[in-house]
Every structure is written in C-alpha cells, then in structure tokens.
Amino acid sequence: MQYRSDRQIVESLLPVRLWATVIAEGIDQPDSEDARTLLTCLAHAQEEVVAGLSPRKAEAIVRRARRAVEIAKEPFVEAKAAVAKFGLCVFYFLDCLRKNGAFGLVDGSPLDSAVTAILAPEGTLTEFANIPKVDASAQKQARHMLTALQREGYFAQVVWA
C-alpha cells in the first residue's frame, strides 16, 4: 500500500463529507428510504477512504475533514443560503478538483452511486443550476471554497479550472 499523509487522506475524504453535509442538511425527508440509501452509500465511501487506519487515527481524520467542511460552508451559513446552492457549489468545486486530477469517481463505487442520485435530473441541484444567476454565484462561491480550503493547507496544487 502506498503511503498517504494525513492531509492526503483528508483531501480524499472531503468530497464524501461535503456531499454528506448536503444530504444531511438538505434532504426534505431524512427518514425516507432514499435518504437512508444515500447516507449509507456515503458512509461506505468514508469507510473506503479510512480503511487500514487505526480507529483512533480514522476518527482524527474524520474530525479534520468535518472541520474543513465547516470552513467551506461558513459563508453559506452566514448568508443563510439554500442547501441546494451549497450543493451546487460542491459540484463545481469537485469538478475543478477533477479537472486538476485531484479527484475522481470510480464507476460503481459507493460515492459514485451517491453522486449519481444527488445529481439526478429531477433534483433540486439541477433546478438551481438552471437559474443563471444562482449557477454563476455557485461557481464563484466554489472558487472561494477552494481558496478557503487552500488556506487550511488542502489542495495546494489545484488551480481553478
């Protein structure tokens, strides 16, 4: 197994934690089958990222990722923005990471299953993406999200793309 620094593991976990936040805070019916399925997929994706770490180390990594997510979502909380706008911002942020080779989805993985469901054509994120002003704002906020996370030491090699 290749060595991964704590920072690299947190960076790998951030997409999972960002989507988990979108689902946990934005789903209309948290006890629905769909919500449970999505959260289960995201829990499995998180387990994949921290696999092989001691329980204590895994907990520390998850705490660091949660703190980074809090930093990323702080402007949205302050602005009392819709969770769907935060979700759209997460989409653009992760797309930037993908374009830089810092993130990718493995077909059929738990995270791929969750993201496919989250980005369903009939979903709220798609509706928000179809509103030009909201979409442009989400893209701008995604750039700010990258900058905020880079100030924390994450994704230093990534340039906005």
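Under 16 Å from a label point set 7 Å out along the Cα-to-Cβ vector of Glu70, the amide N atoms of the stretch 129-161 belong to 149, 152. Each helix, a run of at least 4 DSSP H residues, gives -39500 (n - 2.57); summed and divided by the residues of the chain, these come to -24000 deg cm²/dmol at 222 nm. The residues Ser5, Ser54, sorted by heavy-atom accessible surface at 1.4 Å with ligands and nucleic acids left out, run Ser54, Ser5 from largest to smallest. Normalised per residue, the accessible area of the stretch 46-161 is 56 Å², obtained with a 1.4 Å probe and no contribution from ligands, DNA or RNA.
With the contact rule set at Cα under 8 Å and sequence spacing of 6 or more, what percent relative contact order holds for the stretch 1-49? Reported relative contact order: 44 percent.
Here the chain has 52 percent of its accessible surface on carbon and sulfur atoms, given a 1.4 Å probe and all protein chains in place.
Taking 0.692 mPa s as the viscosity and 37 °C as the temperature, the Stokes-Einstein diffusion coefficient of the stretch 65-156 based on its alpha-carbon Kirkwood radius rounds to 238 µm²/s.
Computed with a 1.4 Å probe over protein heavy atoms only, the accessible area of Phe128 comes to about 50 Å².
The value of relative contact order for the chain, using C-alpha pairs under 8 Å at least six residues apart, is 30 percent.
Put simply, the C-alpha atoms of the chain give a gyration tensor, and the ellipsoid matching it has half-axes of 24, 19, 14 Å, longest first.
Running a GNM on the chain with Cα contacts under 10 Å, which residue among Val90, Val77, Val49 ends up with the highest mean-square fluctuation? Most flexible of the set in this elastic network: Val77.
The values are calculated or read from the model by the stated rules, or taken from the named source; none is laboratory data. As the structure is a prediction and not an experimental result, all values here were calculated from the model. Counting neighbours? That spans all protein chains shown, and the Cβs are built from the backbone with ideal geometry, glycine included. To get the accessible areas, we keep the full protein, side chains included, count just its heavy atoms, and leave off ligands, DNA and RNA. Shrake-Rupley method; radii C 1.70, N 1.55, O 1.52, S 1.80 Å.
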